[in-house]
Structure formats: structure tokens, C-alpha cells
Amino acid sequence: MNVSRLLLGVFGIALAGVFFFDASQYPRAAAQMPMIYAVAVALLSLAMVASELRFQRRASAYRETGTTKVHDAVASDEANDASPAPRRWAAVAAIFLLAVAYVAVMTTLGYVLATALFMALALAILRTVKWTFALIGGAVLIGMVCLVFVQFLGLPIPLLPSFL
């Protein structure tokens with residue numbers, strides 16, 4: 001069983017629940033989109049948990065019957081879970097701490113600057129995307145969120161730093 005996927009699915013369900021109940025306090029028009037996203041995330045996370053549990057049950061049945069092909073695949077999957085790279089765990093922990101700091105400084109630095117800094121630091125830690133694509137993707141993401149939440153929904157998001 002891939003414990004990481006199972007825990008990610010459970011975390012996704014919990015996070016979706018928090019966002020759903022938090023969005024229920026928004027004005028009716030502003031609450032619709034976050035609630036839809038929360039339900040979608042919860043359903044996808046539930047599917048991830050169900051898939052992992054079904055795979056575990058199927059793998060146990062194959063182990064009992066002595067099927068080697070599936071057993072070898074499950075063994076290699078468990079070997080991958082058993083020895084995660086320490087650097088990868090450090091990156092995950094660092095990005096989690098960055099996310100906490102991002103939420104804490106968003107009202108001070110504003111959405112645009114805080115998001116740009118968070119994305120730049122997270123991508124620098126991961127090193128999975130070229131900087132040109134990161135800049136284009138970050139600018140598009142920040143622009144789309146501003147367009148949807150500020151222009152269409154009219155939510156009071158602090159866009160610029162409070163000290164300006």
C-alpha cells in the first residue's frame with residue numbers, strides 16, 4: 001500500500017471539508033465556486049483513498065494465492081515507500097512552512113507580492129520547472145485569481161502591500 005497516497009487522500013478530504021464549511025460563511029454568490037471546488041477535491045480525494053484500499057485488498061488476495069507478478073509489483077511499490085529520500089522530505093517540510101508563512105504575511109505583503117514570493121521560493125526548492133515557464137505560469141495564475149475573485153466576485157483581497 002502506498003501510505004503517502006492514502007494520507008494525501010485523507011488530508012484532501014479534511015482540507016476540502018474545512019474549505020466547504022469556511023465558504024458557507026461567504027456571501028451566497030461568492031460561496032458557490034469555493035464550495036464546488038471543495039466538493040470536487042473531496043470526491044477526488046475519496047477516490048484516491050478508495051483506490052489505495054482496493055489495491056491493498058487486491059494485493060493481499062494475490063499474495064495469498066501466490067501470484068508472483070502482482071506480488072513483485074507490490075513489493076517494489078512498498079520498497080519505494082519504505083525508503084523515501086531524505087531530501088524530498090526536507091523539501092516537503094520546507095514548502096509546508098512556506099505555505100504557513102504565506103498565509104501569515106498575505107495581509108501585510110498583499111496577495112500579488114506574497115504569492116509571487118511563495119511560488120518563486122517553492123519552485124526554487126523543487127527545481128522541477130524552468131524559470132521561464134515558472135514566470136509565465138505564475139503571472140497567469142496571479143492574474144486569473146485577481147480577475148475571478150476581485151473583479152467577478154468582488155471579494156476584498158488585499159492586492160498590494162499594506163505599507164504602500
message = Under 9 Å between Cβ atoms, which residue pairs at least 6 apart in sequence (or on different chains) link something in region 129-142 that is over 13 Å from LEU113 (Cα atoms) and in the same structural domain as VAL112 (by TED's automatic domain parsing) with a partner that is of a type in the set (A, V, I, L, M) and not in a helix (DSSP H, G or I)?
response = GLY137/VAL129
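So is VAL100 modelled with pLDDT of 85 or more and in the same structural domain as PRO158 (by TED's automatic domain parsing) or not?
On the way: modelled with pLDDT of 85 or more: yes; in the same structural domain as PRO158 (by TED's automatic domain parsing): yes.
So VAL100 fits the description; yes.
Looking only at region 39-88, count how many residues are of a type in the set (D, E, K, R) and modelled with pLDDT of 80 or more.
4
Considering each of ALA93, ALA122 in turn, give the residue that is surrounded by 12 or more Cβ atoms within 10 Å (Cβ to Cβ) and out of contact with any Cys (no Cβ under 7 Å at 6 or more places or on another chain).
Numbers: ALA93 fails: surrounded by 12 or more Cβ atoms within 10 Å (Cβ to Cβ).
None of the others qualify; the one that does is ALA122.
The values are calculated or read from the model by the stated rules, or taken from the named source; none is laboratory data. On a predicted model such as this, the values are computed, not experimentally measured, just so you know. FYI the Cβ positions are ideal-geometry reconstructions off the backbone, even for glycines, and counts take in every protein chain you see.
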